[in-house]
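Structure first, commentary second.
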Amino acid sequence: MGYEYPVSKPWLEGRELEYVTEAVSSGWISSQGPAVKQFEAEFARYNGVAHGVACSSGTTALTLALRALGVGPGDEVIVPEFTMIATAWAVEYVGATPVFVDCRDDLNIDVSRIEEKITSRTKVIMPVHIYGRRCDMDAVMDIAFQYGLRVVEDSAEAHGVRPVADIACFSLFANKIITSGEGGICLTDDPWLAGQMAHLRAMAFSAEHNFLHKKLAYNFRMTNMQAAVALAQVERLDDILAYRRDIEKRYDEGLRGIPGITLMPTRDVLWMYDVRAENRDELRRFLADEGIETRLFFKPMSRQPGFLDPIWPTLNANRFAEDGFYLPTYTQLTAADQEHITGKIREFYAVG
Ligand SMILES: Cc1ncc(COP(=O)(O)O)c(C=O)c1O
């Protein structure tokens, strides 16, 4: 069923069509086309980072990052309880074990609880900027330095937040701040790590012989058509972030003071507008009937069948998962759309 107000829709009002047409009419549709390198260079430059390695998704970006850092069987990686499961699965894909840390009230990893989870097997800390709210990266980097660990920043939801970790991984799925339909990109200042990720992304072809492969690698390449879309999106990223800042401000104003609604701390960049609500499930049904789509918060990792841990009911992450959800958040959302949405929420709680 299509909603009048979906939670997300891509904004493709820059030069996307022009660049895709160029890709198709030139015959460069595979990953070998020029837009891939252009997008990598542009996104890296935007972020003030030396190297970009584009790939097929945010999940494969995280997988490449961990592999490039040499993470494998027997290793542990610190992962937040409150995240999308791809963060934890990337750790499993490379044969390592995710070790979960609960969240703070801003939904980001509780940095003060990281040290108690570090063991002799820990190799990497993987913080996530949830819904576009930047983690306390200074504190994460300090801990990593103290224990000799590497840091992979899961920036899937935070285009526009400046990376500081060894590698930052972005998703370009269609619901993200910028998109290529499906896609991802890793950013790093380290040329060796960038080279490793590029090598692993593309079957680990070797220089000595076309078909000699010295390690297990992947086909995680991004096509030139996807890169064409991504390139046009990066060109408008500042505008997109500005529109979304306005969306955040308008939701804050429209929802402030509604009894039953608890606003969340502001975001550094707006991916999704998250909020907590009394009678959340009833409110969501009411909004759905009005054509307004919403989504639940992430379920804690310890509550997932693959990682089930009986501690889950005690987690802060679980408390938020019980009453949290997010509202339609897409770049082209207008003030009138938002007035309509917040008006319906007022109506539900019968506030004048
Ligand atoms: C925090 C986080 N990490 C990783 C991913 C995975 O990205 P993708 O869907 O592009 O594989 C997502 C989004 O889906 C995400 O929200």
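Since every read-out is calculated from the coordinates, none of them should be taken as a lab result. None of the values given here were measured: they were computed from a predicted structure. FYI the Cβ positions are ideal-geometry reconstructions off the backbone, even for glycines, and counts take in every protein chain you see.
A few points about this structure:
- Whichever residue in the stretch 207-229 is part of a helix (DSSP H, G or I) and touching a helix residue (DSSP H, G or I) at 6+ places or on another chain (Cβ under 8 Å) and, among such residues, is surrounded by the most Cβ atoms within 10 Å (Cβ to Cβ): ALA227
- Each residue in the stretch 261-318 was checked for being in a helix (DSSP H, G or I) and acidic (Asp, Glu), and 3 of them qualify.
- Here PHE220 clears all of (1) closer than 19 Å to VAL36 by Cα; (2) away from the ligand (no atom under 16 Å from the Cβ); (3) not aliphatic (A, V, I, L, M) except the condition numbered (2).
- Within the option set ALA204, ALA232, being surrounded by 21 or more Cβ atoms within 10 Å (Cβ to Cβ) and in contact (Cβ under 8 Å) with a residue 12 or more places away in the chain holds for one residue only, ALA232.
- Residue count for the stretch 169-217 satisfying the condition of being within 16 Å of the ligand (Cβ to nearest atom) and either out of contact with any Cys (no Cβ under 9 Å at 6 or more places or on another chain) or of a type in the set (A, V, I, L, M) (or both): 15.
- Search result, residues across the stretch 129-168 that are in a loop (DSSP other than H, G, I, E, B) and either among the acidic types (Asp, Glu) or within 11 Å of the ligand (Cβ to nearest atom) (or both): HIS129, ASP136, SER155, ALA156, GLU157, ALA158, ASP166
- Answer residue from the stretch 105-142, given it is surrounded by fewer than 18 Cβ atoms within 10 Å (Cβ to Cβ) and of a type in the set (Lys, Arg) and is nearest to ALA61 (Cα to Cα) among those: ARG121
- Output for the stretch 305-339, where each listed residue is farther than 14 Å from ASP274 by Cβ and crowded, with 17+ Cβ neighbours inside 10 Å: PHE307, TRP312, LEU315, ASN316, ASN318, TYR330, THR331, LEU333, ASP337, GLN338
- Conditions (1) more than 25 Å from GLN233 (Cα to Cα); (2) within 16 Å of the ligand (Cβ to nearest atom); (3) in a loop (DSSP other than H, G, I, E, B): number failed by VAL124: (3)
- Tally of residues being over 30 Å from ALA242 (Cβ atoms) and of a type outside the set (Gly, Ala, Ser) across the stretch 167-211: 15
Yes or no, residue by residue, for (1) within 18 Å of the chain's Cα centre (by Cα); (2) more than 17 Å from GLN38 (Cα to Cα); (3) touching a residue at least 24 places away in the same chain (Cβ under 8 Å):
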| residue | (1), (2), (3) |
| --- | --- |
| VAL151 | yes, yes, yes |
| ASP166 | yes, yes, yes |
| LYS176 | yes, yes, yes |
| ALA228 | no, no, yes |
| ARG250 | no, yes, yes |
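- Consider the stretch 35-58 and keep the residues that are surrounded by fewer than 22 Cβ atoms within 10 Å (Cβ to Cβ) and under 16 Å from the mean Cα position of the chain (by Cα). The one that is farthest from the ligand (Cβ to nearest atom) is ASN47.
- The condition (being touching a Pro at 6+ places or on another chain (Cβ under 7 Å), in contact (Cβ under 8 Å) with a residue 40 or more places away in the chain and more than 16 Å from the ligand (Cβ to nearest atom)) is satisfied by just one residue among TYR19, TYR5: TYR5.
- Counting only residues that are in a helix (DSSP H, G or I) and either among the hydrophobic types (A, V, I, L, M, F, W, C) or touching a Phe, Trp or Tyr at 6+ places or on another chain (Cβ under 9 Å) (or both), the stretch 48-91 holds 17 of them.
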